[in-house]
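**Q** Please find one structure pasted underneath; my questions will follow.
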Ligand SMILES: [Cu+2]
């Protein structure tokens, strides 16, 4: 094999290894609750405050399913998710995507009003 083919094979396998180390499967859970605060109420442009119901399939930052009790907490909203039709007091259901790598992160990928 020519030396440059060997070098490119090594480079490609390094890229694959690094990509796998940083890519993890998205874990998605559903959150039901009531909006308590929206961006502009003194919070970050991508943050909402939600009083949520218990989340039985919530997973912690080690990937262990621990569940989460009902509480009021902030959620980050992903890019492209519009909040313009929502107001405080709205009952909502959200899909939240969680990643453990490269660092723990969670963000809302969809939100809808429910009755
Ligand atoms: Cu919570």
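**Q** Given labels modelled 7 Å from the Cα in the Cβ direction, how far is it in nm from residue 25 to residue 84?
**A** 3.7 nm
**Q** Then there's this: Whole Å is fine, so just give me how far the alpha carbon centre of segment 27-58 lies from that of segment 78-115.
**A** Segment 27-58 and segment 78-115 have Cα centres separated by 7 Å.
**Q** Report the FRET efficiency, 1/(1 + (r/R0)^6), for residue 9 and residue 101, where r is their Cβ-Cβ distance and R0 is 22 Å, rounded to 0.05. The partial results should precede the final answer.
**A** Working: r = 25 Å, r/R0 = 1.16.
My answer for the efficiency is 0.30.
**Q** What is segment 52-107 by shape, rounded, prolate or oblate, if you read a ≥ b ≥ c off the alpha carbon gyration tensor as root eigenvalues and call it rounded for a/c under 1.5, prolate for a/b larger than b/c, and oblate otherwise?
**A** Values: a/c = 2.85, a/b = 1.37, b/c = 2.08.
Because a/c hits 1.5 or more and a/b fails to exceed b/c, segment 52-107 counts as oblate.
**Q** Could you rank the peptides 81-87, 25-31, 45-51 by their average count of other C-beta atoms within 10 Å per residue, with the highest value first? Could you put the intermediate results ahead of the total?
**A** On the way: 81-87: 11.6, 25-31: 13.9, 45-51: 17.4.
Going from most to least packed, we get 45-51, 25-31, 81-87.
**Q** Take every DSSP beta bridge with both residues inside segment 24-113 and express the antiparallel ones as a percent of the total, to the nearest 5.
**A** Taking every DSSP beta bridge with both residues in segment 24-113, the antiparallel ones total about 95 percent.
Readers should treat all values here as calculations from the given coordinates under stated rules, not as data from a laboratory. Quantities reported herein were computed from a predicted structural model and do not represent experimental measurements. Glycine gets a Cβ as well: all are built from the backbone with ideal geometry, and neighbour counts include every protein chain shown.
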